[in-house]
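Just so it is clear, none of the values below were taken in a lab; they were calculated from the coordinates. As the structure is a computational prediction, the values presented were derived from the model and not from experiment. All Cβ positions, even for glycine, are placed from backbone atoms using ideal geometry, and neighbour counts span all protein chains on display.
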Amino acid sequence: MRPDSDQPINIVGAGLAGALLGVTLMRHGCGAIRLWDRRADPRRTRMERGRSINLALAARGIRALEHAGVMERVRPLLIPMRGRMIHDRSGATSLLPYGQRDDEVIYSVGRGDLNRVLIEEAARHQDVTIRFNQTCLAADPIQKVLRFRNEISGAQYSVELTPTIGTDGAGSAVRGSLLNLNYLSVREDWLDHDYKELTIAPVAGRPALDPNALHIWPRGGFMLIALPNTDLSFTATLFLARRGPRSFEALSDTQAVLEFFLEEFPDAVPLIPNLAAQFQAHPAGQLGTVHAAPWCVGGQVLLLGDSAHAIVPFHGQGMNAAFEDCVVLDELLDQADDWQSLFAEFERVRRPNTEAIAQMALENYTEMRDTVLDPGFVRRKALSLELERRFPDRFIPRYSMVMFHPEISYAQALRRGALQSQILLDLDRTDGRTDFTLAANLINERLPALVRA
Ligand SMILES: Cc1cc2nc3c(=O)[nH]c(=O)nc-3n(C[C@H](O)[C@H](O)[C@H](O)COP(=O)(O)OP(=O)(O)OC[C@H]3O[C@@H](n4cnc5c(N)ncnc54)[C@H](O)[C@@H]3O)c2cc1C
């Protein structure tokens, strides 16, 4: 399909997915593209606070950045993390590697820097216009208009609803307006746990923690994590219940905050300057999964990225999945006859995969905050890496399939992961003496051949 150049494509939301989609479609030769965002231009202003400051980028996201030809610009922003550094209450640490090959690492990247680079890349093309400070109020397929408010002048106005892709994030206004017009149904499953970000400052010009790891203080029921930044600081995030004895609600004053941190994360306390003040000043964010159906209205509107399928952040895959969306849409463009068939096919291909990663992301919360403390889990994790060494064409740990193997779909990773986890339970022995003949038989009997896209 060759999009009609008289019909500009609207991308509502120039965040991570929207900006990358702009670059991707432009490289495809899609004619005029109009990007809209309610924020001020991030090339001129600092990023808004209160959003996750850094993110884990993995193979699916990298593949999408390469597909769009922007990976070389992004690379200098990346800090490799080779595993989870577990901090126990005594302050002792141990590294659980993510994979077993040198390239099986994930990368910490600053949200603001990444978004700025993607916007710069999109803006290089003369057929792309980016309009900041424009809040989308609604997409209306009946009146065939997109409604906006100019945040500088306060004026409201409408533009024609040419093919429009809503990439305006988890709280999408595009999705909300389609819901109001009964074009789709939405279920938002909010966690009863919130998150709050705190900064770990460098010490004497050096990172306060090993910068090549994702640090976790798992405490069963809640956890603190920290990812490195290029300015040598770390962004720590506390994930904790909203209410209850151990909760954000219970941390209502300075003393309660300090006591809680000293008891639970004593080695982190000296690293977080003005801990109590930071804690009071920084907002708590909500976490949830968005289930919307359908994602499209004819050939008029499509939801993509978080607006279609926001997930909890515990697998570090929301942005990666949103980036993968861009590749899938781009690959389908050539086969589609028109926008309607393109949008419908995108949803058909993509939905099973985004549902799978939504489920795995929820499961990973339990793994990060609780299961990593279980000796059985640590044993089976090591065994799964050994099985991958011995049977690399058949057995790949689920975490690795999700993070390091973009050629294996999320849905396949979920299916195989369930089979593999039963195999691991059947082989698990507390003395660690695995019967590898039995392992070979179980793997051959139970695991179908891998399908790589
Ligand atoms: C605490 C936390 C940690 C995370 N960690 C990771 C991680 O490690 N790895 C990972 O892959 N993912 C992670 N994620 C998920 C990731 O942030 C999202 O999946 C990703 O940002 C989705 O990109 P998006 O472009 O769809 O939405 P967003 O990045 O939210 O972008 C939406 C854009 O739309 C604009 N917008 C919103 N409303 C309007 C409107 N009405 N009109 C115009 N513009 C609008 C916004 O200004 C923004 O620019 C994390 C999320 C959270 C909350």
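Tabulated data
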read-out: Separation between Cα centres of the stretch 199-253 and the stretch 344-387, rounded to whole Å; value: 22 Å
read-out: Selection from Ile216, Cys136, Leu191 lying farthest towards where the dipole of the stretch 106-219 points positive, charges on Cβ; value: Cys136
read-out: Using a Förster distance of 41 Å, the FRET efficiency for Leu179-Arg446 (Cβ separation, nearest 0.05); value: 0.45
read-out: Net charge of Cβ neighbours under 15 Å - reference Leu373; Lys, Arg +1; Asp, Glu -1; value: +2
read-out: For the chain: rounded, prolate or oblate by the Cα gyration tensor [a/c cutoff 1.5]; value: oblate
read-out: Only Lys, Arg (+1) and Asp, Glu (-1) charged, at Cβ; the chain dipole about Cα centre in debye; value: 300 debye
read-out: Gln100 paired with Glu259, simple spin-label distance in nm, labels 7 Å along Cα-to-beta-carbon; value: 4.8 nm
read-out: Angle between the chain longest axis and helix 111-123 axis [Cα atoms, degrees, rounded to 10]; value: 30 degrees
read-out: Likely footprinting exposure, Thr235, Thr354, fewest C-beta neighbours within 10 Å first; value: Thr235, Thr354
read-out: Cβ-based charge dipole, the stretch 135-206, positive-most Cα from Leu181, Ala155, Pro202; value: Ala155
read-out: Net lengthening on full extension, Thr129/Asp210 (0.36 nm per residue, minus Cα-Cα); value: 25.0 nm
read-out: Cβ-based net charge around Thr289, under 11 Å, with every Lys or Arg adding one and every Asp or Glu removing one; value: -3
read-out: Difference of contour (0.36 nm per residue) and Cα-Cα distance, Ala276 to Arg246; value: 9.1 nm
read-out: Per principal axis, descending, Cα span of the stretch 121-235 in whole Å; value: 58, 39, 25
read-out: Spin-label pair Val269/Asp435, simplified geometry with 7 Å Cα→Cβ offset, distance in nm; value: 5.1 nm
